[in-house]
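Reviewing the structure listed below.
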Amino acid sequence: MGIKSFQGSRRQQQQAMDSSPFKVKDYMTRKLITFRPDQSVEEVIDTLIKNRISGGPVVNENNELIGIISEGDCIKQISESRYYNMPLDNNSVEKHMATNVETIDGEMNVFDAANKFLNAKRRRFPIVEKGKLIGQISQKDILKAAIDLKGQTWK
């Protein structure tokens, strides 16, 4: 009986993960609630509450991603409007959305996407193809992929 190395087994497992069929595009949400830049923050708040979501992409008339609006952006606007004693409904999404939006490639495997979530500390990433918004991947979507993967390869 000699000493057994587990390194070879681990390398094979890593190669299997790299060529994984578990792509972001297979787990992303395609039916998105989106916002327009001319909508009021009040409308956004109403939509977030009704749909139990924490934010969403902002698109123009060509469905091109131009920003993201979140609960935090809305709270900041509420706080500022109270501080400056300004009416809430006079402010558009365009004035309060984040415009520096990081996206994920739909062809990326979910392992790389999981790392991107950890490093970027974001809840969701939009997926853009040929300039158009086609979906969004969330942390919960990554967890769903992990459960699917467990059923196939984790023992």
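Suppose we keep only residues that are small (Gly, Ala, Ser) and farther than 24 Å from Gly135 by Cα within segment 61-118. Which one would you say is modelled with the lowest pLDDT?
Looking at the filtered set, the residue picked out is Ser81.
Give segment 62-80 a look and list any residue that's within 20 Å of Thr103 (Cβ to Cβ) and without any contact (Cβ under 8 Å) to a residue 24 or more places away in the chain, or say none.
Gly72
Can you name the number of the only condition in (1) out of contact with any Phe, Trp or Tyr (no Cβ under 7 Å at 6 or more places or on another chain); (2) modelled with pLDDT of 90 or more that Gln12 fails?
(2)
Going by what's in this entry, would Lys121 be described as basic (Lys, Arg) and either modelled with pLDDT under 85 or in contact with a Cys (Cβ under 9 Å, 6 or more places away or on another chain) (or both)?
yes
Restricting to segment 141-155, name every residue that is at pLDDT 90 or above and of a type outside the set (A, V, I, L, M).
Within segment 141-155, Asp141 is the sole residue that qualifies.
Keeping to segment 34-53, report how many residues are loosely packed, with under 15 Cβ neighbours inside 10 Å and in a loop (DSSP other than H, G, I, E, B).
2
Name every residue in segment 98-135 that is of a type in the set (A, V, I, L, M) and part of a helix (DSSP H, G or I), in order of residue number.
Val110, Ala113, Ala114, Leu118, Ala120
Go through (1) buried (at least 16 other Cβ atoms within 10 Å of the Cβ); (2) under 17 Å from Asp26 (Cα atoms) one by one and return the number of the condition Lys140 breaks.
Unmet condition: (1).
What are the pairs with Cβ atoms under 9 angstrom where one residue, in segment 33-55, is under 18 Å from Ser81 (Cα atoms) and touching a residue at least 12 places away in the same chain (Cβ under 8 Å) and the other, located anywhere, is of a type in the set (Ser, Thr, Tyr) and part of a helix (DSSP H, G or I)? Sequence gap at least six, or different chains.
As it stands, the answer is Gln39/Thr47; Val41/Ser81, since those pairs meet every condition given.
Regarding Asp73, is this residue farther than 25 Å from Leu149 by Cβ, of a type in the set (Asp, Glu) and loosely packed, with under 15 Cβ neighbours inside 10 Å?
no
When the residues of segment 54-70 are filtered to those that are surrounded by 19 or more Cβ atoms within 10 Å (Cβ to Cβ) and among the β-branched types (Val, Ile, Thr), which remaining residue is farthest from Asn91 (Cα to Cα)?
Taking the candidates together, the pick is Val59.
The values are calculated or read from the model by the stated rules, or taken from the named source; none is laboratory data. Just so you know, these numbers come straight off a predicted model, no measurement behind them. Here the Cβ is made from the backbone with ideal geometry for all residues, glycine too, and neighbour counts use every protein chain on show.
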